[in-house]
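Data block below; observations after.
Only the coordinates and a few stated rules stand behind these numbers; no lab work does. Here the structure is a predicted model, which is why all the values come from computation and not from measurement. Neighbour counts run over all protein chains shown; Cβ positions are idealised from the backbone, glycine included.
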């Protein structure tokens, strides 16, 4: 009788753990359209000279915003995204998101993600590209947003950025385990800085990666 109870408890705990794992979903979406940042002020508000505005637009091929306090351009600023702003299907699926290395500020994907980014958006490889807005969801809730940018980009974002590399492979015993992309909050590259984001850490608590192990 006792053995039967133990077996039942074991089966129930296994089912509970399996259900919990299935519900623990992390996905990355792209936005349908570029969402305007709320940082600074629009270029046309900060500068009234139409000649300068035209020159700026010709230089960047895209609208920028201006930090009037520091008199600096804002290329990729903070923005607010709603679920309705996202593409219908995730750009990176839950099964492709393998883990997070908070020690080295890296998010690990399956190799398919590298090829997906490389082939789908060639503009990301340009030095002058301002990046592509993304939103990271945990169990259907938006917990972080920012920009995908190429490793050769001349610009940085004021918020989260995932830096794209062509082949950032991680291997163990000569077998490919994952591809890792660096992720940072603005220009703050302090180690373990992202660990301070409690929602992000909670989302990846079952997918933590420690390269020193």
What distance in nm separates the two pseudo spin-label positions at residue 139 and residue 188, each 7 Å out from Cα along the beta-carbon direction? 2.6 nm
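Per 0.36 nm of contour for each residue apart, how much would the distance between residue 196 and residue 95 grow if the chain were fully extended, relative to their Cα-Cα spacing? Don't skip to the answer; put the middle values down first.
Numbers: separation 101, 0.36 × 101 = 36.36 nm, distance 2.51 nm.
Stretched out fully, the residue 196 to residue 95 stretch lengthens by 33.8 nm.
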Between residue 71 and residue 116, what FRET efficiency follows from the Cβ-Cβ distance if R0 is 41 Å, with the result rounded to 0.05? 0.60
Computed lengthening from residue 88 to residue 165, 0.36 nm per intervening residue step minus Cα-Cα distance: 25.2 nm
